[in-house]
1. Under 8 Å for C-alpha pairs, at least 6 residues apart: give me the relative contact order for the stretch 27-94, rounded to a whole percent.
2. Can you compute 3J(HN,Hα) from phi for each residue in the stretch 53-65, using the Karplus curve 6.51 cos²θ - 1.76 cosθ + 1.60 with θ = phi - 60°, rounded to whole Hz and x for Gly and Pro?
3. Within 15 Å, Cβ to Cβ, of His77, how many net charges do the neighbouring residues add up to if Lys/Arg are +1 and Asp/Glu are -1?
4. Please sort by residue number the chymotrypsin sites (Phe, Trp or Tyr not before Pro) in the stretch 40-147 whose DSSP state is loop and whose Cβ has at most 13 other Cβ atoms within 10 Å.
5. Can you tell me how much longer the chain between Arg79 and Arg27 gets when fully stretched, taken as 0.36 nm per residue apart minus their C-alpha distance, in nm with one decimal?
Amino acid sequence: MKFGLFAARFALVFSCVLATVVPAQARFWQCAPYAREVSGIQIFGNANTWWSQAAGKYERGNTPKVGAVLSFRSSSHMRLGHVATVAAIVSDREVLLNHANWSRRGGIEYSARAVDVSAAGDWSEVKVWYGPQGGLGTTTYAANGFIYSDGAPKGEDRFDDTRAAGIQMASAATGGARMIGVRD
């Protein structure tokens, strides 16, 4: 075997190995593990099972609270449902959500606007900011309600009143969300 051919094969194999190495911060997030880590709510399994699993373990309701998890029902668009954590409350019918795997596969989205569009004002139907459209979009999602955590959000998503107020004002001004990709 000639040295040039060996070197070319070695370079090809080495580049393939490098392509598969993923740094820790480049984690591909699903909504349920992200919501569990941020909220501290210890429910496992697909998002569409969280509401029923929370019964008897965690308080549930229709009023948003910072640190709570908003549980979305399964639909043809979301077979496995969705869960998102409440980062800030803007009004009785608008919150900011932190969630994963919504606007970009595997990415985390911070301060995504969510609006209660239900006739009864009970958060049973919501519209959520969708990055590629740059707005709430036309889809209305059915929601079960909020699952309340025992304590405050953990880690980098912990909000104090000052930070929450600043994000509320920024979100109202831009109508948007800050997206973090899998490599940010």
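What follows draws every value from the coordinates through simple rules; no lab data is involved. This is a predicted model, so every value here is computed, not measured. Quick reminder, even Gly has a Cβ in these numbers, built from the backbone with ideal geometry, and neighbours come from all protein chains shown.
1. 33
2. 5, 6, 4, x, 9, 10, 5, 10, x, 10, 10, x, 9
3. Details: positive: Arg73, Arg79, Arg105, Lys127; negative: Glu125.
Computed value for this residue: +3.
4. Answer by residue number: Phe44.
5. Values: separation 52, 0.36 × 52 = 18.72 nm, distance 2.27 nm.
Gain on extension, Arg79 to Arg27, equals 16.4 nm.
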